[in-house]
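Just below is one structure, and these are the notes that go with it.
The values are calculated or read from the model by the stated rules, or taken from the named source; none is laboratory data. Quick caveat: nothing in here was measured; it's all calculated off a predicted structure. Cβ atoms come from the backbone with ideal geometry, glycine included; neighbour counts cover every protein chain shown.
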Amino acid sequence: MKSLDVDWVRARFPALSPELAFFDNAGGSAACLPVIERVRDHVEKSMVQLGGTHPWSRDATAKVAAGHAAAATLLGGEVADVALTPSTTASMARLAAAFAPALEPGDEIVVTDLDHEANIGAFRRLGEGPEARPGVVVREWRFDEGTQTLTEEGLRAVLSERTRLVAFTHCSNVVGALHDVRRLAAVAHEVGARVVVDGVAFAPHRRVDVSALGVDAYAFSAYKVYGPHLGLLWVASDFRAELTSRNHFFLPTDTAAYQLEPGSAPHELAVALPGIVEYLEALAAHHGGEGLDDAFALIAAHEQRLAEPLIEALAGMDGVRVMGPASADAAVRAPTVAFAVDGASPAEIPPKLDAHGVSLRSGHFYAHRAVERFGLLEKGGLLRASMVHYNTKAEVDRLIAALRETLVAMLTD
Ligand SMILES: Cc1ncc(COP(=O)(O)O)c(C=O)c1O
């Protein structure tokens with residue numbers, strides 16, 4: 001397949017401009033045009049309650065249903081298994097609360113120390129603190145220090161016959177390493193545990209397909225995948241059968257939306273989700289391909305071409321330590337590149353780069369436990385340059401030049 005036509009891509013993101021090289025995409029991406037148009041259209045014409053017989057309501061109902069269908073497409077699952085929530089933090093909190101009544105004393109929950117706290121805290125609370133279920137035990141699957149990844153060995157060390165649920169990340173939002181979810185889920189299933197995966201840092205970069213991953217629940221955030229501020233949550237139907245609905249007592253419990261969308265999702269955002277699918281399909285078609293697989297193949301190849309020079313340049317800078325995989329290979333990492341700078345406070349660097357028209361971010365990125373184990377929390381965490389497919393090689397060159405100049409000035413001060 002051809003290489004990515006970045007000009008075509010950038011023309012579909014009105015927020016992008018030559019003045020600003022944006023490297024905070026893991027925080028939130030720009031929205032694509034078909035998403036923006038749908039939000040506007042809905043707010044202009046269809047701000048009415050669903051389920052009515054009048055034409056406005058029929059139109060709004062159909063559009064929100066299309067939003068759920070698009071979420072299912074983006075997840076690779078059935079629409080009955082998909083709920084739209086305000087965020088992935090909310091998705092995990094709702095899922096944990098809905099699962100809590102199924103837990104018995106002696107049951108065990110496994111969480112990691114690498115994940116974003118959204119996929120740790122919600123499940124930790126099942127066994128710790130004021131909301132804990134009596135006798136539920138929390139175990140921590142610690143990441144491998146050498147590779148900064150979650151390993152099968154690490155998982156096996158905390159699994160037992162009492163493990164009821166294992167929550168882990170598809171891709172670290174800090175170090176960018178990808179995990180073999182299918183393999184790790186199979187290991188957790190050996191003891192009959194449910195597997196919940198956070199795909200937030202994965203979904204902007206690679207095709208999500210829950211049907212191929214063999215997990216029980218999967219969540220990501222549309223606002224990092226060129227869409228609106230919504231959480232997309234997929235829960236397998238047999239797992240849903242174990243959940244207690246978070247919704248009104250008189251409502252059905254046969255869909256994820258009924259169980260996990262109390263009060264429903266913001267309509268003007270839900271209706272925008274088909275815009276992401278439309279954009280990705282158009283991207284594939286523009287390059288002579290078809291569908292989401294082709295779109296993400298183009299995206300992965302382009303992202304690798306961006307990550308290569310950045311990782312190489314960072315690795316060659318004095319006092320700079322690149323976290324996560326040393327390779328830019330799209331099979332092992334997303335183009336989310338975190339690095340530490342000896343002798344510099346991370347928080348001082350982004351404002352200096354702003355002056356060069358280069359945006360990135362510093363901190364722990366809510367992967368608080370991981371950054372603490374890296375020994376970097378007290379020092380202010382890390383710097384993170386997170387790219388997506390609309391970034392260009394010229395922007396990467398600009399980031400490298402701006403960083404070099406900034407670091408030389410800071411470290412010789
Ligand atoms: C890996 C990961 N998980 C979860 C979240 C939380 O997502 P949300 O802001 O939708 O709650 C983030 C946000 O940065 C993230 O990067």
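Listed values, structure above:
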quantity	calculated
Scan of segment 73-87 for residues that are out of contact with any His (no Cβ under 8 Å at 6 or more places or on another chain) and crowded, with 21+ Cβ neighbours inside 10 Å, ordered by number	Leu74, Leu75, Gly77, Asp81, Ala83, Thr85
Test: Ala30 is within 16 Å of the ligand (Cβ to nearest atom) and at negative phi	yes
Subset of segment 376-398 that is among the acidic types (Asp, Glu) and surrounded by fewer than 17 Cβ atoms within 10 Å (Cβ to Cβ) - its residue that is nearest to His364 (Cα to Cα)	Glu378
Filter result for Phe23 (outside the structural domain of Ser160 (by TED's automatic domain parsing) and at pLDDT 95 or above)	yes
The listed residue being among the aromatic types (Phe, Trp, Tyr) and surrounded by fewer than 18 Cβ atoms within 10 Å (Cβ to Cβ), out of Phe296, Phe220, Phe250, Phe239	Phe250
Segment 304-335: number of residues that are under 20 Å from Thr412 (Cα atoms) and part of a helix (DSSP H, G or I)	3
Qualifying residues in segment 344-359 (those that are part of a loop (DSSP other than H, G, I, E, B) and touching a helix residue (DSSP H, G or I) at 6+ places or on another chain (Cβ under 6 Å)) - the one nearest to Thr89 (Cα to Cα)	Ala344
Given (1) charged (D, E, K, R); (2) under 23 Å from the mean Cα position of the chain (by Cα); (3) surrounded by fewer than 22 Cβ atoms within 10 Å (Cβ to Cβ), index of the condition Glu348 fails	(2)
Of residues in segment 253-265 being crowded, with 18+ Cβ neighbours inside 10 Å, touching a Leu at 6+ places or on another chain (Cβ under 8 Å) and in contact (Cβ under 8 Å) with a residue 40 or more places away in the chain, the one farthest from Trp8 (Cα to Cα)	Gln259
Leading residue by the ranking (surrounded by the fewest Cβ atoms within 10 Å (Cβ to Cβ)) among those in segment 1-35 that are among the charged types (D, E, K, R) and farther than 20 Å from Phe220 by Cα	Glu19
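Yes or no, residue by residue, for (1) among the aliphatic types (A, V, I, L, M); (2) in contact with a Gly (Cβ under 7 Å, 6 or more places away or on another chain); (3) assigned by TED's automatic domain parsing to the domain that holds Arg142:
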residue: Val341; (1), (2), (3): yes, yes, no
residue: Lys352; (1), (2), (3): no, no, no
residue: Gly375; (1), (2), (3): no, no, no
residue: Asn391; (1), (2), (3): no, no, no
residue: Arg404; (1), (2), (3): no, no, no
residue: Val408; (1), (2), (3): yes, no, no
